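A.B. asks: Below is the structure I would like to discuss, written out as structure tokens.
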Amino acid sequence: MRGGKTITRGSASSPKGWIRRFAVGMILIAGLTAAAASIYAQSPASSRPGALADERATHLMYTLTRGSPADISHAMGEIIAAADARFIAVFVEILRAIQLGLLPRERYEPGLTALALLSGKSFHEDWAAWVEWYGATDLAPPPGFTSWKGELLARLDPRFADFLKDDHPSNIRVEEIQWGGVVVDGIPALDRSAMIQAAEAAYLEESDLVFGLKINGDARAYPLRIMDWHEMANDVVGGVPVSLAYCTLCGAAIAYDGRASDGQTYTFGSSGFLYRSNKLMYDRQTHTLWNQFTGEPVLGKLAGGGSAPPPTLKLLPVVLTTWADWKRRHPETLVLDVNTGYRRPYRPGVPYGDYFSSSTTMFPVWQRRTLLKTKAWVYGLRINGVPKAYPLRVLVKEPVINDVLAGTQVVIVGTGSILTVEGTHRIAGKVTYRNGGEVRAYDRGEYAFRPGERRGVLLDAAGRPWRITEDALVGPEGERAPRIAGHLAYWFGWYTFFPNTLLHGSPDQG
């Protein structure tokens, strides 16, 4: 459930019900196909290729959602007779639209049955299964599909059509963009939200989890009990414009410097769309959709097509920790005021506690690997384009890992524990779930480290103490090992965007 709307994964219908509908659909298809065949027979053979001509395919696609019942029936018959596999994507969208109540089932029954005929698959009405199967194919939709899909989803929010347009450059398959259950900004971003001193934050418990940022001496805490409801905070920290983008579905809170590589400064909101169970954020300046996980524009004005490369965002270090630990390290910290201007029950676990405590995803994700459990926690680093994941369960046993990634000597520092939340979900009731761990990474240079005897201290090979700070590891003589930006995520989220990732502890990957 997102934004108060129930999102189904696309469960299969009962066997008897499907058989009955399939039989009805086949009868209808037989009639539609016969009618279409008679039309085809009257046209010259040279004009009847194996698939429909592009212009005709586009016309029929729009007829499916704009035409009269008779026009829709005729269009489906012609599509089925032509066996045009490009319409698999169209019928998958129609299936989802039926499930969401955007299209009447009885009018599109033959189209649902046509999915099996065009694809050779029998996932019935399991929308998620269709999405995951399609994602692994190299199929493409008919020309004009992006705007058609935008027009269809505009029935949920007219602003969706502004994002999905054929003339927008795209770096992803639009077929994989899914509605996440809310309208544009239905999960409202916090924009320069009020901050208060730590002593004033009576609403927080010592065990509450926070995302911590410190830039140019300015320390700020963003409690998860607030961020779970907003998923985006646009702020200025230490004079740096920051967007803390939090995807609850893939467990990733990523801090970006809003000053992009093109020299422009961007702020972000939630589009209401997902891509492989990851939120697509959009910038307020151009309304381009961005991949929250990679910090790259994927659909819209900034996604490419011009002489300049698409802009990118720089990652900033962020840490997940307890409120008590963050205050101990940074007594001067500011923290989000619970009076955000929105009426939300800012208590742990209320919006997504049931999802966090489950082992499954809420939306379909086709690119998976079972080296770890789907929602196992990992700490991810990307250096010089090389990604590597460090399982949190390994960091519990080995809280200091000296490693080399893409030629850079790194050290990953954990606390040897996994952070948990005890909360109350608005429907499921009391829930307990693991929410990640306190992990930081540094460029260790020529040094190798091991845990110190005191908290917040590492020892180098000579036994000298180094302090753990947000900016760097600081040696006894002022030496510095600078911080490297990384972040936590569920394993499925990390792997789906970095399938070439290295995995620490994997026999074949180090």
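A.B. asks: Collect the residues in segment 285-315 that are closer than 11 Å to residue 262 by Cβ and buried (at least 23 other Cβ atoms within 10 Å of the Cβ), keeping them in residue-number order.
C.D. replies: Residues satisfying the conditions are 297, 302, 313.
A.B. asks: Would you point out the residue of segment 298-322, among those that are over 18 Å from the mean Cα position of the chain (by Cα) and of a type in the set (Gly, Ala, Ser), that is modelled with the highest pLDDT?
C.D. replies: The selected residue is 304.
A.B. asks: To continue, here is another question. Those residues that are part of a loop (DSSP other than H, G, I, E, B) and charged (D, E, K, R), I need them from segment 219-255; list them, please. Step through it out loud before you land on a result.
C.D. replies: Here is the first cut: in segment 219-255, the ones part of a loop (DSSP other than H, G, I, E, B) are 231, 238-239, 248-251.
If the condition is that a residue be part of a loop (DSSP other than H, G, I, E, B) and charged (D, E, K, R), then 231 is the only one that fits.
A.B. asks: Return the residues of segment 459-470 that are part of a strand (DSSP E or B) and of a type outside the set (D, E, K, R); say none if nothing qualifies. Spell out the reasoning first.
C.D. replies: Within segment 459-470, the first condition is being part of a strand (DSSP E or B), and the residues that meet it are 459-460, 465-468.
459, 465, 466, 468, listed by residue number.
A.B. asks: Does residue 150 satisfy being of a type in the set (Gly, Ala, Ser) and without any contact (Cβ under 8 Å) to a residue 24 or more places away in the chain? Even if it seems obvious, please write down each step before you answer.
C.D. replies: Working: of a type in the set (Gly, Ala, Ser): yes; without any contact (Cβ under 8 Å) to a residue 24 or more places away in the chain: yes.
Spelling it out, residue 150 is indeed of a type in the set (Gly, Ala, Ser) and without any contact (Cβ under 8 Å) to a residue 24 or more places away in the chain.
A.B. asks: Restricting attention to segment 229-260, which residues are surrounded by 23 or more Cβ atoms within 10 Å (Cβ to Cβ) and of a type in the set (S, T, N, Q)?
C.D. replies: The one that is surrounded by 23 or more Cβ atoms within 10 Å (Cβ to Cβ) and of a type in the set (S, T, N, Q): 243.
A.B. asks: Shifting gears a bit: Which one of 472, 441, 481, 485 is without any contact (Cβ under 8 Å) to a residue 40 or more places away in the chain and hydrophobic (A, V, I, L, M, F, W, C)? Even if it seems obvious, please write down each step before you answer.
C.D. replies: On the way: 441 fails: without any contact (Cβ under 8 Å) to a residue 40 or more places away in the chain; 481 fails: without any contact (Cβ under 8 Å) to a residue 40 or more places away in the chain; 485 fails: without any contact (Cβ under 8 Å) to a residue 40 or more places away in the chain.
Matching residue, one of 472, 441, 481, 485: 472.
A.B. asks: Would a scan of segment 71-94 turn up a residue that is over 18 Å from residue 164 (Cβ atoms), out of contact with any helix residue (DSSP H, G or I) (no Cβ under 8 Å at 6 or more places or on another chain) and surrounded by fewer than 19 Cβ atoms within 10 Å (Cβ to Cβ)?
C.D. replies: no
A.B. asks: For segment 412-458, name all the residues that are surrounded by 14 or more Cβ atoms within 10 Å (Cβ to Cβ), of a type in the set (Asp, Glu) and either touching a Leu at 6+ places or on another chain (Cβ under 7 Å) or not in a strand (DSSP E or B) (or both).
C.D. replies: 438
A.B. asks: Let me ask something else. Could you tell me whether segment 435-446 includes any residue that is more than 19 Å from residue 395 (Cα to Cα), β-branched (Val, Ile, Thr) and at pLDDT 95 or above?
C.D. replies: Looking only at segment 435-446, we keep the residues that are more than 19 Å from residue 395 (Cα to Cα), and these are 445-446.
In the following step, the residues that additionally are β-branched (Val, Ile, Thr) were identified as none.
Scanning segment 435-446, I find no residue that is more than 19 Å from residue 395 (Cα to Cα), β-branched (Val, Ile, Thr) and at pLDDT 95 or above, so the answer is no.
A.B. asks: From 144, 111, grab the single residue that is modelled with pLDDT under 95, farther than 25 Å from residue 294 by Cβ and among the small types (Gly, Ala, Ser). Break it down stepwise before answering.
C.D. replies: Working: 144 fails: modelled with pLDDT under 95.
Going through 144, 111 in turn, the sole match is 111.
A.B. asks: Something else now. Of the residues 346, 275, which single one is modelled with pLDDT of 95 or more and over 13 Å from the mean Cα position of the chain (by Cα)?
C.D. replies: Working: 275 fails: over 13 Å from the mean Cα position of the chain (by Cα).
Being modelled with pLDDT of 95 or more and over 13 Å from the mean Cα position of the chain (by Cα) holds for just one of 346, 275, which is 346.
A.B. asks: Restricting to segment 304-318, what's the tally of residues that are part of a strand (DSSP E or B) and in contact with a His (Cβ under 9 Å, 6 or more places away or on another chain)? Break it down into steps so the answer makes sense when it comes.
C.D. replies: If we filter segment 304-318 for residues that are part of a strand (DSSP E or B), which is where we start, we get 314-316.
Cutting the leftovers down to in contact with a His (Cβ under 9 Å, 6 or more places away or on another chain) gives us 315.
Counting residues in segment 304-318 that are part of a strand (DSSP E or B) and in contact with a His (Cβ under 9 Å, 6 or more places away or on another chain) gives 1.
The values are calculated or read from the model by the stated rules, or taken from the named source; none is laboratory data. These figures come from a predicted structure and were not determined experimentally. Note: ideal-geometry Cβ built from the backbone for every residue, glycine included; neighbour counts use all protein chains shown.
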